[in-house]
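Enquirer: Got a structure for you, written out below as structure tokens; questions coming shortly.
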Amino acid sequence: MERSFFARSPSVLIFISMLALFTLLVTVLSEGMGGEVISTSMVKTLGKTLCLCLVAIAMDLVWGYCGILSLGHFAFFGLGGYMIGMWLMYARTEIIVAASLANTELPPTPQEIKDAIGTQIFGVVGGSDFPMIWAFADSLALQLLFVVAVPGLLALIFGWLAFRSRVTGVYLSILTQAMTLALALHLFQNDSGLRGNNGLSGLQNIPGAQDIPQSVLSVWFLWASAFALGLGYILSAWVVSGKFGSVVRGIRDDEARVRFLGYHVESYKLVVFTLTAVIAAIAGALYYPQAGIINPAEIAPIASIYLAVWVAIGGRGRIYGAVIGAAFVSLLSTWFTGGQAPNIDLGFYEVRWTDWWLVLLGLSFVVVTLLAPKGIGGMFDRLVRK
Amino acid sequence: MSSLLEVSGVFVSFDGFKAINNLSFSIDTGEMRAIIGPNGAGKTTFMDIVTGKTRPDEGKVVWGSDNVSLLKMSESQIARAGVGRKFQRPTVFEDQSVRENLAMALRNKRSPFSVLMYRKTHQDAARIDDLAEEIGLTADLKRRSGDLSHGQKQWLEIGMLLAQDPQLLLIDEPAAGMTVAERDHTTEILKQAAKTRAVVVVEHDMDFVRKLDCKVTVLHEGSVLAEGSLDHVTQNQDVIDVYLGR
Ligand SMILES: Nc1ncnc2c1ncn2[C@@H]1O[C@H](COP(=O)(O)OP(=O)(O)OP(=O)(O)O)[C@@H](O)[C@H]1O
Ligand SMILES: [Mg+2]
């Protein structure tokens, strides 16, 4: 009767093949696999980029398809990172502490070990006791659950309050920014329980995998990120391909009309908002072990705005557009801000890209908005159709 | 016949301006009714009230054989209860195909989860084909609805209403901006629809109303000025003064 999902969404198979090819190629050429062409730090950059593509897909679902310009999805991304970071930091510190206490005369009591871990982790913020929120930090399973549950619940409550009172458009965007700012400011405090502006660090050291070199771990994470991105892509394409996608796009274009068709618009928005928050959080949980450190600056409101810029440049309302935008802009940004880009000497003035990159990004955002509102993905569409 | 919709003693004011002023009238089950009246008479506002878009300051709006009040229900609940509405300006989802527009309106479960799990059935596909035929858009099912002509968009919107299978259709100025041939087609569609459900049509065009051949309610300044057959109301001196005479 109905054509299969893959037949209706040809971009999915193309994307998955390209992603698989990319991942294989990077693996083969990586330092860790003896390829010696791609350095470990480059593998990490590429793995992180895949995570950014995943959060961009989430942003595209919520904004490009459902019309909710959320400027808070990077907060969910960061929260996901914090949740997994707690376990990573706890478990690794536990190993270190156990090793150093092993040499003492008397075997340490569990309480002594716990105190020592607390001192190690919270010494920087002048504490040693575990805050309440670390109660389950020793359990990988629970922290993994929290990766999904904490941002998901926050999105659910926030969304329920906002959508129920029919806050839309720019007011909703401002509200999501306010939420993000509040969260970042809270995390900046030393007594937030998450080490204030120090954030969580040493996340690249995976407990239980001490003997595996970073060059190999980086490839693992590349694969994990690619897998998550692939799944996220399929899930998103499936969600928007059928009648649900039809309703959601209807909400974006004319939500009152959708209401008069008998659909409860607020529930749909809530589902999309929460689902995308969870996707963002999973992306964050994969990103930060590769980045090695997470601190509240990562959650700052500007990060969520960049996310919207990526999606706009890539072309919203098409999932590959989000991927293109995130990959393109974030890699370019790494290149420019990393000092690799050659500076331009104008004689009277030297354009240093580390300073000028943001201006360039801002300008391209303006140009894309004015000249190609459908972004890079839109130009892509036109080529394919010809 | 029992009454399907009963509006009684309704008042609505916008910033002190009384748009609806003690409006009372009722629509019977399966009835076709035309509503006419000068600009600003409150015709669209009446539809806004029934569909839950505007909440009245006072008065009752009672629906169906169970006499439930529509005033406590949300827009989507009212729609699911069986009230379909066509807006004055054609509002279809321009970015989506004619088929998608109709599919979205089809009477099916509407919760996010059931829509997510929805699989197209043979019945639904057949229903869409029937509807497309009824509104004359069979050849256009695959087209992006934004590319349709003005008249076709109006029909698509009516088709979407029929797909909802409501007991009451509220139709705001369906013939505005249509050619003569398109108007005749629209008349046909509406008459056909009225065989199985109540239809309320707001229209300025007298020829169009005459062709509908039904009871007419004249609104003026937010309340009923006259009611009866078209010939009856057009001979009413008040109606001539405020509406026809100008
Ligand atoms: N949301 C609103 N806010 C303020 N005034 C409104 C609003 N909606 C309607 N009005 C006013 O209420 C009056 C009735 O408007 P309504 O749209 O119901 O008229 P109408 O009979 O549909 O007219 P038309 O034939 O021009 O469509 C008008 O004077 C209009 O300006
Ligand atoms: Mg009107």
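Enquirer: From the residues in the range B:85-133 that are polar (S, T, N, Q) and within 16 Å of ligand 1 (Cβ to nearest atom), which one is surrounded by the fewest Cβ atoms within 10 Å (Cβ to Cβ)?
Expert: The qualifying residue surrounded by the fewest Cβ atoms within 10 Å (Cβ to Cβ) is B:Gln88.
Enquirer: Quick one: in the range B:104-141, which of the residues that are touching a residue at least 40 places away in the same chain (Cβ under 8 Å) and in contact with a Ser or Thr (Cβ under 8 Å, 6 or more places away or on another chain) is nearest to the other protein chains (Cβ to nearest Cβ)?
Expert: Out of the qualifying residues, it is B:Met104.
Enquirer: In the range A:250-265, which residues are out of contact with any helix residue (DSSP H, G or I) (no Cβ under 6 Å at 6 or more places or on another chain), at the interface with chain B (Cβ under 7 Å from one of its Cβ atoms) and of a type in the set (Lys, Arg)?
Expert: Correct list: A:Arg257 only.
Enquirer: Just to be sure I understand the filter: pairs with C-beta atoms under 7 Å, separated by 6 or more residues or on different chains, first member in the range B:87-98 and more than 7 Å from chain A (Cβ to nearest Cβ), second member within 16 Å of ligand 2 (Cβ to nearest atom). Which pairs pass?
Expert: Qualifying pairs under 7 Å: B:Phe87/B:Asp172; B:Gln88/B:Thr44; B:Gln88/B:Asp172; B:Gln88/B:Glu173; B:Pro90/B:Gln154; B:Pro90/B:Glu157; B:Val92/B:Glu157.
Enquirer: If you go through the range A:153-201, how many residues are out of contact with any Ser or Thr (no Cβ under 9 Å at 6 or more places or on another chain) and part of a loop (DSSP other than H, G, I, E, B)?
Expert: 8
Enquirer: If you check B:Lys72 against the conditions, is it of a type in the set (D, E, K, R) and touching a residue at least 40 places away in the same chain (Cβ under 8 Å)?
Expert: no
Enquirer: Further question on the same structure: Return yes or no: is A:Leu229 in contact with a Leu (Cβ under 6 Å, 6 or more places away or on another chain), more than 14 Å from chain B (Cβ to nearest Cβ) and under 25 Å from A:Phe130 (Cα atoms)?
Expert: no
Enquirer: Something else: If you take the residues in the range B:170-208 that are at pLDDT 90 or above, in contact with a Lys or Arg (Cβ under 6 Å, 6 or more places away or on another chain) and of a type in the set (A, V, I, L, M), which one is nearest to ligand 2 (Cβ to nearest atom)?
Expert: Within the range B:170-208, the match that is nearest to ligand 2 (Cβ to nearest atom) is B:Val202.
Enquirer: Can you tell me which of (1) under 25 Å from A:Phe15 (Cα atoms); (2) in contact (Cβ under 8 Å) with a residue 12 or more places away in the chain; (3) within 24 Å of the chain's Cα centre (by Cα) is the one A:Asp381 doesn't meet?
Expert: It is condition (3) that A:Asp381 fails.
Enquirer: Now for a different question. If a residue counts only when it is under 16 Å from the mean Cα position of the chain (by Cα) and within 16 Å of ligand 1 (Cβ to nearest atom), which strands (runs of 3 or more DSSP E) contained entirely in the range B:143-229 have at least 2 such residues?
Expert: B:168-172, B:198-202, B:215-220
Enquirer: Still on this structure: Take the residues of the range B:34-60 that are assigned to a strand (DSSP E or B) and within 16 Å of ligand 2 (Cβ to nearest atom): which is farthest from the other protein chains (Cβ to nearest Cβ)?
Expert: B:Ile36
Enquirer: Which residues, counting only those in the range A:23-38, are of a type in the set (Gly, Ala, Ser) and either in contact (Cβ under 8 Å) with a residue 60 or more places away in the chain or within 10 Å of A:Ser218 (Cα to Cα) (or both)?
Expert: A:Ser30, A:Gly32
Enquirer: Taking B:Gly30 as the residue in question, decide whether it is within 16 Å of ligand 2 (Cβ to nearest atom) and either in contact with a Pro (Cβ under 6 Å, 6 or more places away or on another chain) or modelled with pLDDT under 95 (or both). Walk me through how you get there before you give the answer.
Expert: Details: within 16 Å of ligand 2 (Cβ to nearest atom): no; either in contact with a Pro (Cβ under 6 Å, 6 or more places away or on another chain) or modelled with pLDDT under 95 (or both): yes.
Criteria not met by B:Gly30.
Condition check ((1) aliphatic (A, V, I, L, M); (2) within 24 Å of the chain's Cα centre (by Cα)) across all residues:
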{"position": "A:Ala99", "(1), (2)": "yes, no"}
{"position": "A:Pro110", "(1), (2)": "no, no"}
{"position": "A:Val124", "(1), (2)": "yes, no"}
{"position": "A:Val147", "(1), (2)": "yes, yes"}
{"position": "A:Phe158", "(1), (2)": "no, yes"}
{"position": "A:Ala162", "(1), (2)": "yes, yes"}
{"position": "A:Leu172", "(1), (2)": "yes, yes"}
{"position": "A:Met179", "(1), (2)": "yes, yes"}
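Enquirer: Something else now. Given the residues B:Asp15, B:Asp66, which is the only one that is within 16 Å of ligand 1 (Cβ to nearest atom) and more than 10 Å from chain A (Cβ to nearest Cβ)?
Expert: One residue alone meets the criteria, B:Asp15.
Enquirer: Would you tally the residues in the range A:233-245 being hydroxyl-bearing (Ser, Thr, Tyr) and surrounded by fewer than 22 Cβ atoms within 10 Å (Cβ to Cβ)?
Expert: Residues in the range A:233-245 being hydroxyl-bearing (Ser, Thr, Tyr) and surrounded by fewer than 22 Cβ atoms within 10 Å (Cβ to Cβ): 1 in total.
The values are calculated or read from the model by the stated rules, or taken from the named source; none is laboratory data. As the structure is a prediction and not an experimental result, all values here were calculated from the model. Neighbour counts run over all protein chains shown; Cβ positions are idealised from the backbone, glycine included.
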